[in-house]
Protein chains: 2
Amino acid sequence: MLNRILDSITPYSDEYLKKAIQRTSELIMPPRAVGMLNDISEKLCAIQSTLKPEVDKRAVFVFAGDHGVVEEGVSAFPAVVTCEMIRAFVNDIATITVLARQNNAKVVVADVGSRCDFKEKIIGKNEFIIKKVKNGTENFTKQPAMSRQEAEKSIETGFEIALKYIESHNLNIVATGDMGIGNTTPSAAIASVILDKDPSSIAGKGTGIDEKRWQNKVNVIKRGIELNKPDKNDPIDVLSKVGGIEIGAIAGVILAAAYKKIPVVVDGFISTAAALIAYGLSKNTHYYMFAGHLSEENGHKLMLEYLNLKPILKLNMRLGEGTGATLAMHIIDAAAKVISEVATFSQAGVSKGE
Amino acid sequence: MLNRILDSITPYSDEYLKKAIQRTSELIMPPRAVGMLNDISEKLCAIQSTLKPEVDKRAVFVFAGDHGVVEEGVSAFPAVVTCEMIRAFVNDIATITVLARQNNAKVVVADVGSRCDFKEKIIGKNEFIIKKVKNGTENFTKQPAMSRQEAEKSIETGFEIALKYIESHNLNIVATGDMGIGNTTPSAAIASVILDKDPSSIAGKGTGIDEKRWQNKVNVIKRGIELNKPDKNDPIDVLSKVGGIEIGAIAGVILAAAYKKIPVVVDGFISTAAALIAYGLSKNTHYYMFAGHLSEENGHKLMLEYLNLKPILKLNMRLGEGTGATLAMHIIDAAAKVISEVATFSQAGVSKGE
């Protein structure tokens, strides 16, 4: 199934990219005077094959999973917080749900791999899907986080959830989000392997660990990589050995957006680790990705540089949940409106410069 | 009149700042995990003396003026563009009007000092006020840009327009914007004087001049400063000798916001030059200012550092018109909603970290 998806992901329209660049040059402003908004406008035009792009039908997919490696003491929060926060998402009282409401984005919460036991499905304001690939990953300092089959299934699960929702709600933009206590550790592990960097230059303080725990976190990642020897040229191998279930599912969201030719706004550190997996599977996903923001988490800048993505927002955020990506949707919308609605020099009767 | 205004500008509520910092620590997120959004939230609470700040009633004041110094060849665009763009603003087809619509902000266009001859007042979708202090400034390489009385009147004019509109529309946030061909030159001159920096480290390419013209622009600023000898400790003196009418009026908007205890989002290079004037007149204006964005224009970073303001957006914009400030209102709104609407650990039953 995955191979069929990957084969169907193709570049955006080069024709519309050129038309959009021409249109930008005709708008009543000095050349490219709104900077990144001009760049974003043009990418949207190329993705949607139009000069009037729209990004008004929005959703953020918040995928949750748990991590065996938490038993190594890598997080400042107990693992039960994954379950508590899922409840807060569904009940519409968390930061992501507040920002999603502010940005007119639907919130789709999915438990793809937590250890939570939701005896009865939570009924709240937001969509909640339980589709577990596995009850949390294994501790990757002792064995692979999951099997190759489970890694593939995590991607396919994310793809299916996103595809279904994109189609049923006719979305024209999506954002990614995550929840999973400990998930900066597998994310840093993925990035260390794929970027071929020492974990100390990638791993950050996560939810707020001290220096000593950070050193432990770096060592945990090193041990996991040494034990499992993930092949950096095989994204599924990396995901299965040192990754996470929600990370695979987020990679699936990115694949679904690219497959449907709609923009996908990648959130911070965890989502960008997923983007590394998606990009490794299909370089063409790059045409559809926007980097929502630059996280405070150490290695995020390097990861975005590797992906050749410029972050839209730089607000020193480090929360995850899709918060940065969802807020960035408004900037992307501004860019869509600039190219669609600003008059041209000839329409407005404004004199051109030199 | 100006002195009475300045005496009435007082600090924000330290009590509510402290309450807000406490509230932030109780929200269901790792400590200060939304970074600048937390900082903005707290500043809003302190300004509005509440823990539920609101920034939903918005306007951007776009003030226009012309500049005698344009005859020295400092701009890539002809001076007539000031008039053409005023028309575009009123007719709702310019970048600022598109972004104001996207951000639910009213647009108030005021000609406070252009050389345009609007025989009949333009009737368009947006509010248009003609209240000219002077028909453009003088060429400051030959004489002061305006008299001390005119400089004071420019500030008072901006103050009055803003105050009236803030009160009649019950605004809870305002943004500043500018239009005036050539106005990066007086703005750079103001900043060079107040920051005591060489104009070459402040002046930028404006609407897009080449290296040769940029060198000329730097020399023009140097000559203006040498001839007029503005006193850096006397903001009115600086404004009158090397400033601009719309720059003075924008300083008036900032004073009006501080006077009414509502936040004011300062746009890019020109508006920040106005902020230097307002701040010079009353240090307490700082409590009410937000820096909307970091402009591409050279010295903007230094100016913001001088004012100790962190720019909210960094999108390589350099258009002016209030575009960066208006777009930043959405981020400020996000911050208001985070502190107002996100649940606390105890409300949500979420476990705290270490």
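The values are calculated or read from the model by the stated rules, or taken from the named source; none is laboratory data. These figures come from a predicted structure and were not determined experimentally. Here the Cβ is made from the backbone with ideal geometry for all residues, glycine too, and neighbour counts use every protein chain on show. These area figures cover heavy atoms from the full protein model, side chains too; ligands, DNA and RNA do not enter into them. Shrake-Rupley method; radii C 1.70, N 1.55, O 1.52, S 1.80 Å.
Key figures for this structure:
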{"quantity": "Failed condition for B:Ala33, given (1) touching a helix residue (DSSP H, G or I) at 6+ places or on another chain (Cβ under 6 Å); (2) open to solvent by less than 10 Å² (accessible area, probe 1.4 Å)", "calculated": "(1)"}
{"quantity": "Qualifying positions in segment B:295-320 - without any contact (Cβ under 8 Å) to a residue 60 or more places away in the chain, among the hydrophobic types (A, V, I, L, M, F, W, C) and at the interface with chain A (Cβ under 7 Å from one of its Cβ atoms)", "calculated": "B:Leu315, B:Met317"}
{"quantity": "Pair list, Cβ < 7 Å and 6+ apart or interchain, from segment A:256-281 residues that are closer than 25 Å to A:Pro53 by Cα and acidic (Asp, Glu) to residues that are modelled with pLDDT under 95 and open to solvent by less than 10 Å² (accessible area, probe 1.4 Å)", "calculated": "none"}
{"quantity": "So A:Glu354, is it modelled with pLDDT under 95, within 13 Å of chain B (Cβ to nearest Cβ) and under 30 Å from A:Glu138 (Cα atoms)", "calculated": "no"}
{"quantity": "Residue check for A:Glu305: in contact with a strand residue (DSSP E or B) (Cβ under 6 Å, 6 or more places away or on another chain) and among the acidic types (Asp, Glu)", "calculated": "no"}
{"quantity": "Unique residue being under 27 Å from A:Glu71 (Cα atoms), basic (Lys, Arg) and open to solvent by 20 Å² or more (accessible area, probe 1.4 Å) when the list is A:Lys164, A:Lys153", "calculated": "A:Lys153"}
{"quantity": "Positions within segment A:86-115 being open to solvent by 10 Å² or more (accessible area, probe 1.4 Å) and either within 11 Å of chain B (Cβ to nearest Cβ) or more than 19 Å from the chain's Cα centre (by Cα) (or both), in sequence order", "calculated": "A:Arg87, A:Asn91, A:Asp92, A:Ile93, A:Arg101, A:Gln102, A:Arg115"}
{"quantity": "Among (1) more than 19 Å from A:Ala94 (Cβ to Cβ); (2) free of Cβ contacts under 8 Å to residues at least 60 places away in the same chain; (3) surrounded by 22 or more Cβ atoms within 10 Å (Cβ to Cβ), the one test that B:Pro53 misses", "calculated": "(2)"}
{"quantity": "Residues of segment A:197-235 satisfying the condition of being closer than 21 Å to A:Met317 by Cα and polar (S, T, N, Q)", "calculated": "A:Ser200, A:Ser201, A:Thr207"}
{"quantity": "Within segment A:181-207, tally of residues that are more than 21 Å from the chain's Cα centre (by Cα) and either modelled with pLDDT under 95 or within 12 Å of A:Glu72 (Cα to Cα) (or both)", "calculated": "0"}
{"quantity": "Candidate set: segment A:294-328, residues that are assigned to a helix (DSSP H, G or I) and aliphatic (A, V, I, L, M); chosen: the one most open to solvent (accessible area, probe 1.4 Å)", "calculated": "A:Leu302"}
{"quantity": "A:Asp14 within 19 Å of A:Glu246 (Cα to Cα), among the charged types (D, E, K, R), more than 14 Å from chain B (Cβ to nearest Cβ) and in contact (Cβ under 8 Å) with a residue 12 or more places away in the chain", "calculated": "no"}
{"quantity": "Which numbered condition B:Glu26 fails, given (1) open to solvent by 50 Å² or more (accessible area, probe 1.4 Å); (2) away from chain A (no Cβ under 14 Å)", "calculated": "(2)"}
{"quantity": "Filtered residues of segment B:17-38 (kept if free of Cβ contacts under 8 Å to residues at least 12 places away in the same chain and closer than 15 Å to B:Ile331 by Cβ)", "calculated": "B:Gly35"}
{"quantity": "Meets criteria (open to solvent by less than 10 Å² (accessible area, probe 1.4 Å) and either within 23 Å of A:Lys164 (Cβ to Cβ) or part of a helix (DSSP H, G or I) (or both)) for A:Ala291", "calculated": "no"}
{"quantity": "Some residue of segment B:312-323 being of a type in the set (S, T, N, Q) and touching a Leu at 6+ places or on another chain (Cβ under 8 Å)", "calculated": "yes"}
{"quantity": "Hits in segment A:29-47 - residues which are among the charged types (D, E, K, R) and either closer than 16 Å to B:Leu319 by Cα or within 9 Å of another protein chain (Cβ to nearest Cβ) (or both)", "calculated": "A:Arg32, A:Asp39"}
{"quantity": "Qualifying residue in segment A:275-288 (condition: more than 16 Å from the chain's Cα centre (by Cα), at pLDDT 95 or above, of a type outside the set (Gly, Ala, Ser) and farther than 21 Å from A:Cys45 by Cα)", "calculated": "no"}
{"quantity": "Residues (farther than 21 Å from B:Thr184 by Cα and in a helix (DSSP H, G or I)) located in segment B:260-288", "calculated": "B:Leu281, B:Lys283, B:Asn284, B:Thr285, B:His286, B:Tyr287, B:Tyr288"}
{"quantity": "Qualifying positions in segment B:73-85 - more than 10 Å from chain A (Cβ to nearest Cβ) and either open to solvent by 40 Å² or more (accessible area, probe 1.4 Å) or without any contact (Cβ under 8 Å) to a residue 24 or more places away in the chain (or both)", "calculated": "none"}
{"quantity": "Filter result for B:Ala256 (more than 18 Å from B:Leu195 (Cβ to Cβ), hydrophobic (A, V, I, L, M, F, W, C) and touching an Asp or Glu at 6+ places or on another chain (Cβ under 9 Å))", "calculated": "yes"}
{"quantity": "Helices (runs of 4 or more DSSP H) completely within segment B:169-259 that count 3 or more residues being open to solvent by 10 Å² or more (accessible area, probe 1.4 Å) and of a type outside the set (Phe, Trp, Tyr)", "calculated": "B:184-195, B:211-228, B:235-242"}
{"quantity": "Scope segment A:329-346; condition of a type outside the set (Val, Ile, Thr), surrounded by fewer than 24 Cβ atoms within 10 Å (Cβ to Cβ) and more than 7 Å from every other protein chain (Cβ to nearest Cβ); matching residues", "calculated": "A:Ser340, A:Phe345, A:Ser346"}
{"quantity": "Condition broken by A:Thr323, with the remaining ones in (1) more than 13 Å from the chain's Cα centre (by Cα); (2) within 8 Å of chain B (Cβ to nearest Cβ); (3) polar (S, T, N, Q) satisfied", "calculated": "(1)"}
